[in-house]
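One structure is given below, encoded as structure tokens.
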Amino acid sequence: MFLFRGRESHPRSIVKAISWRTLGSIDTFVLGLIFTSDVKVAGSIAGTEVVTKILLYYFHERVWALVPWGHARLPHSPTLTSPPTGS
């Protein structure tokens, strides 16, 4: 099982992947239409790449979220398991 301990929730990553893929599929359709001049071919090109690219983007985001480089540090806050300070 793929475990994740990053700052983004899975639903957020899924919504980002779907919104990005929608934009990408429109682009793929337009390019397919320009190169082939055939709506059916352009539609089938755009349609077949949707699922694989959503999955690729989702896992790409999850892996990058694990990389600490470029993340702002969150201020330290005491946890419930921290020992009390003082006397």
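How much length, in nm to one decimal, is gained on full extension between LEU23 and THR52, taken as 0.36 nm per residue of separation minus their Cα-Cα distance? All intermediate terms of the calculation are to be shown ahead of the outcome.
Numbers: separation 29, 0.36 × 29 = 10.44 nm, distance 1.46 nm.
Gain in length upon complete extension: 9.0 nm.
May I ask you to work out the translational diffusion coefficient for the stretch 12-68 at 20 °C, viscosity 1.002 mPa s, via Stokes-Einstein with Rh from the Kirkwood sum over Cα pairs, reported in whole µm²/s? Write down the numbers at each step before the final one.
Working: Rh = 12.0 Å.
It comes out at roughly 179 µm²/s.
The numbers here are math on the coordinates, done by the rules we state, and not lab data. This one's a predicted model, so the numbers in the text were calculated from it and none came from an experiment.
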